[in-house]
1. Once the Cβ-Cβ distance between Lys29 and His8 is put in as r, and R0 is 25 Å, what FRET efficiency do you end up with, to the nearest 0.05?
2. For Met14, Met132, what's the fewest-to-most ordering of other Cβ within 10 Å of each Cβ?
3. Tell me, what is the Rg over Rh of the stretch 5-147, with Rh the Kirkwood radius over Cα pairs?
4. Taking a spot 7 Å from the Cα of Asp131 along the direction of its beta carbon, which residues of the stretch 1-19 have an amide N less than 19 Å from it?
5. Stokes-Einstein D for the stretch 42-102 at 4 °C, 1.567 mPa s, Kirkwood Rh over Cα pairs, in µm²/s?
6. Only loop residues by DSSP count here, and only those with at most 15 other Cβ atoms within 10 Å; note down the trypsin sites (Lys or Arg not before Pro) in the stretch 68-115 that meet that.
7. Relative to the present Cα-Cα distance, how much length would full extension add between Asp105 and Lys138 at 0.36 nm per residue of separation?
8. Starting from the stretch 24-65, pick out the trypsin sites (Lys or Arg not before Pro) whose DSSP state is loop and whose Cβ has at most 15 other Cβ atoms within 10 Å.
Amino acid sequence: MRLSTKGHYGLKAMFDLAMHYGSEPIPLKVVAERQNISEHYLEQLIAVLRKVGLVKSIRGAQGGYILAKPPSDIKVGDVVRALEGPIAPLDCVSELEPTVCEKVDYCISRDIWARVRDSIAEVLDSITLEDMCLEAQKAQSNQIESKHI
């Protein structure tokens, strides 16, 4: 099971917006440059994130994008689900609409895949954009300290 570039780049973009939360709206071009993402591709991702209410667009000369909620209220799982769909290693254990399998009553591996799904969801839902920002600030602080040693 692999996360696609939609989820990966979308989370990078949301992290960028979270790092600048509370300031003026950020043009997509700036986010794309800072995160090394194609601006055209980022436009597609942001459209989805806006549609589900995770970001807001601000029009005008000073326009751009901002988070629709504080970073502490947006979980990594929210971003991943918006861009990738329900978390599921297999369709038969999908979070939303599991496909019905003829072996559902006696499938040994189904329970394993459901536990994998639940573990992944638990991790993604336990981390907020604010947590990511705090980790980034801590990493940056550690990097600065190591340069002075």
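1. Numbers: r = 20 Å, r/R0 = 0.79.
Calculated value: 0.80.
2. Values: Met14 27, Met132 19.
Least to most surrounded, the residues fall as Met132, Met14.
3. Details: Rg = 18.0 Å, Rh = 16.8 Å.
Reported Rg/Rh (Cα atoms, Kirkwood Rh): 1.07.
4. In the stretch 1-19, the label zone of Asp131 (backbone N under 19 Å from the point 7 Å along Cα→Cβ) covers 3, 7-19.
5. On the way: Rh = 13.4 Å.
Rounded to a whole number, D works out at 97 µm²/s.
6. Listed in order of number, the matching sites are Lys103.
7. Details: separation 33, 0.36 × 33 = 11.88 nm, distance 4.81 nm.
Additional length available on full extension: 7.1 nm.
8. Values: sites: Lys29, Arg34, Arg50, Lys51, Lys56, Arg59; in loops: Arg59.
Here the sparse-neighbourhood loop sites are Arg59.
Laboratory data are not the source of any read-out in this text; all were calculated from the coordinates shown. Nothing here was measured: the structure is a model prediction, and the numbers come from that model. Don't worry about glycine lacking a Cβ; one is built from the backbone with ideal geometry, like all the others, and counts go over all protein chains shown.
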